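The values are calculated or read from the model by the stated rules, or taken from the named source; none is laboratory data. A quick note: this is a predicted structure, and the numbers were derived from the prediction, not measured. Using ideal geometry, Cβ is built from the backbone for each residue, glycine included, and neighbour counts are taken over all protein chains shown. Please note that ligands, DNA and RNA were not included when accessible areas were found on the heavy atoms of the full protein model with its side chains. Shrake-Rupley method; radii C 1.70, N 1.55, O 1.52, S 1.80 Å.
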Amino acid sequence: MYDINIFIKVKELNKIIISPSILSADFSDFGSAVSQIDASGAGWVHMDVMDGSFVPNITFGHHLVRALRGRTKSIIDVHLMVVQPGRFIKKFADCGADIITFHYESEVHSQKFLTEIRDLGIKAGIAIAPSTPYMVLEDILPYIDLALIMTVNPGFGGQALIPECLKKVEKLKEIREKAGLNFRISVDGGINEQTAEQAKKAGADTLVIGSAFFSHQDKKSLISKLQN
Ligand code: DX5
Ligand code: ZN
């Protein structure tokens, strides 16, 4: 079995993690999607939960996390794009999520819910959309295991990366170093072989990849290329 802590330790932050998103998988066969991710060697599965309110699409909820928990050994990395995400934290944790990330924009009491996630024995992430400045995260960084910088506007796969968002990655990396913190910095949206290099150069250590993963013929070589 996996040990999520090895992915989070400070000394492991130089290790690039790839988290393929099943948003771009065949929605009639998520079981096969996680098998493909497991076989690729990525080690994480990104699950985009959308409620049709915070973002203009509806995807799936905690019952799918429970169903896939039995099918994959990978770390289940849940990205909540829902209003009032605090309502669902315990449900997702009980169903087997290893990391729960919610949007700063969706919850007034971020620190409270980040603490609640950690108290459930799993990892806590906070996400910001392209229009949200990175500075809003400064005071809550000690409470997070992962900062997810959206590099597209959330809600859809297959969009082009917005390059300005990578400046936030650079800034957060600087702050992390100065403060001696150990959260991961993830980018999500428009990541492919080319943009992955830009993201890594900016300081991202965790890359979410949807359409570029599922459209690739040789997923294993794609993952090992992106990990290096
Ligand atoms: C978008 C999601 C992303 C999405 C990325 O709102 O948060 O995780 O799956 O898809 P690509 O890699 O196709 O941009
Ligand atoms: Zn996502």
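Electrostatic tally near L120: other residues with Cβ closer than 12 Å to its Cβ, Lys and Arg +1, Asp and Glu -1, net 0. Considering only S32, S53, S110, the Gaussian network model of the chain with Cα springs below 10 Å gives its largest mean-square fluctuation to S53.
A 1.4 Å probe run over the chain, with the rest of the protein chains in place, finds 43 Å² accessible per residue. Stretched out straight at 0.36 nm per residue, the stretch from R71 to V136 would grow longer than its current Cα-Cα span by 19.7 nm.
When you count the other C-beta atoms within 10 angstrom of each residue and take the mean per peptide, 162-171, 13-22 line up highest first as 13-22, 162-171. What a 1.4 Å probe finds exposed on region 66-181 is 52% carbon and sulfur by accessible area, rounded to a whole percent.
Here the contact order of region 61-161, divided by its residue count and restricted to Cα pairs under 8 Å and six or more residues apart, works out to 23 percent. Springs join every pair of Cα atoms under 10 Å in this Gaussian network model of the chain, and among N182, N153, N57 the largest mean-square fluctuation is at N57.
Ranked by the mean number of other Cβ atoms within 10 Å per residue, highest first, peptides 138-149, 111-122 order as 138-149, 111-122. Residue ranges 194-207, 75-88 sort as 75-88, 194-207 when ordered by packing (mean number of other C-beta atoms within 10 Å per residue, highest first). Residue by residue, region 132-141 carries 3J(HN,Hα) couplings of 8, x, 5, 4, 5, 8, 3, 6, 10, 4 Hz when phi is fed to the Karplus relation 6.51 cos²θ - 1.76 cosθ + 1.60 (θ = phi - 60°); x denotes Gly or Pro. Rounded to whole numbers, the Karplus 3J(HN,Hα) couplings from phi for region 93-102 are 5, 4, 7, x, 5, 9, 9, 10, 10, 10 Hz, using 6.51 cos²θ - 1.76 cosθ + 1.60 with θ = phi - 60°, and x at Gly and Pro. Close amide-amide hydrogen proximity is noted between S19 and L207, V208, I209, each under 5 Å apart and 5 or more residues distant or on a separate chain (H modeled in the peptide plane; Pro and chain starts excluded).
The simple spin-label model puts a point 7 Å past each Cα toward its Cβ; for D94 and E164 those points are separated by 4.2 nm.
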